[in-house]
Amino acid sequence: MERNLKNVLVISFGFLLLFTAYGGLQNLQSSLNSEEGLGVASLSVLYAALILSSMFLPPILIKKLGCKWTIATSMCCYIAFSLGNFYASWYTLIPTSVILGLGGAPLWSAKCTYLTIAGTSYAEKAGKHAKDIINQYFGVFFLVFQSSGIWGNLISSLILSQPSTKVEISEEDLECCGAYNCLTDTTNSTGSAKPSNSLIYTLLGVYTASGVLAVLLVIIFLDQIKSDQAETEKEKLEAPSFWSTFLATFRHLKDKRQCLLIPLTIYSGLEQGFLSGDYTKVYVTCALGIQYVGYVMICFAAVNSLCSLLFGKISKFTGRKLLFALATVTNTACIIALLLWKPHPKQLAVFFVFPALWGLSDAVWQTQTNALYGILFEKHKEAAFANYRLWESLGFVIAFGYSTKLQAYIKLYILLSVLVLSMVMYGAVEYLEAKRSPGMPTATKKENGRPHSQETCM
């Protein structure tokens, strides 16, 4: 158990170091590289590459390199993105964004595969249920990993909170902040003034060093999976080709329920993209300065993490419908308030209220939507979660893609429209489930082994 736990901790702290750097850097892109929308364009390209990567790269790399070296190699892709920010231009950020996107899917797949094999192996030796050990390993992983959002943003805020980054913002300049931001595709003359190159290089140096430490930690301390275990996993990975995986993903759209869940899944990417790409720029950076972005996103990450844990525990008592309703009301209230609010430095607390409420809503979208996919499509989980990754990533691509083309108030109206559509479609899914077996909850249907019929929407 000690050796297996050691490997779990190595992976957990490796991801913590890596995403401390990437998470903090992602939240700064719209403010740090705002010229011609370079920052958000790079994020849009990144998620587009991630969509392609998830369709065919993970099985190939894990089969050829094994889990340990797939993790180490993929981590290097994230370091490349940090290096690209040292001289941010279309010729450096876009290629490194593609590299990161291609490495993202293999990284997460290899991590999941490694923890699953390690948990299964220990369970067999200890005579315990594999599911229990695997859940325990993933619990340890996410306990460590989730704090990366706090540390990455804290580093950026501490470094960028130097006197040289603080500028006086006139009342006239503040009129350009908020939903009706004057010019979203150019650099404001307000708090979005870029920090000095020395501070930027210091921040990027810390982030790059954090990524390098993550790679070294994995290379030096992570054990290879034993050959017999690896061969068993390779046999599983050899079966699906690119085209079979691709076709299985889209064949799953024959299920009407999957089609109905597409708006909700896209909304999950849209709302996250808005917070990290637009709220941080036209509200926080514009009115307070770039040094506050990290503190605001810490608030979001902390509330999100706590609420994810809370909602995961209370969902069996409240049911998912009540939680979805809570998130809908909270998000709708935030969107309407953001349309009406004129940000001002004197209202400092308000800047933190919005990400806190957004974190509460996002915790529902993440935990309950994932759980919903697992419950509804129990017999086709691989294809279902491939669809989840596809449509959520598409939401990110859209959010970052139109970030510099539209004013914030238009994006908020789009968010509100997609949210309303999502809830109508989600209600239709619940109606179909209730219609299949009136008076019997989904969990009971699963226990009784009753298969869900599939309804065609294509």
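Each part gets one Cα centre, and for segment 14-84 versus segment 276-314 those centres are 21 Å apart. In the frame of its principal axes, segment 92-166 has Cα extents of 61, 29, 12 Å, reported largest first. Between I219 and L9, full extension at 0.36 nm per residue minus the direct alpha carbon distance yields a gain of 74.2 nm. Pairwise inverse Cα distances across segment 248-434, averaged and inverted, put the Kirkwood hydrodynamic radius at 17.1 Å. Computing FRET efficiency as 1/(1 + (r/R0)^6) for L339 and V420, where r is the C-beta to C-beta distance and R0 is 22 Å, gives about 0.90. Spin-label model, F86 to F56: label points 7 Å out along the Cα-to-beta-carbon direction sit 3.3 nm apart. Checked against a 31 Å cut-off, the cross-linked pairs K313/K346; K346/K411; K313/K435; K131/K321; K6/K131; K128/K316 give Cα-Cα distances beyond that limit for K313/K346. Accessible area of K125 (1.4 Å probe, protein heavy atoms only, ligands and nucleic acids ignored): about 150 Å². Taking 0.890 mPa s as the viscosity and 25 °C as the temperature, the Stokes-Einstein diffusion coefficient of segment 25-109 based on its alpha-carbon Kirkwood radius rounds to 190 µm²/s.
The values are calculated or read from the model by the stated rules, or taken from the named source; none is laboratory data. Treat the numbers as computed from the prediction; the structure is a model and nothing was measured. Using ideal geometry, Cβ is built from the backbone for each residue, glycine included, and neighbour counts are taken over all protein chains shown. Just the protein is used for accessible areas: all its heavy atoms, side chains included, with ligands, DNA and RNA removed. Shrake-Rupley method; radii C 1.70, N 1.55, O 1.52, S 1.80 Å.
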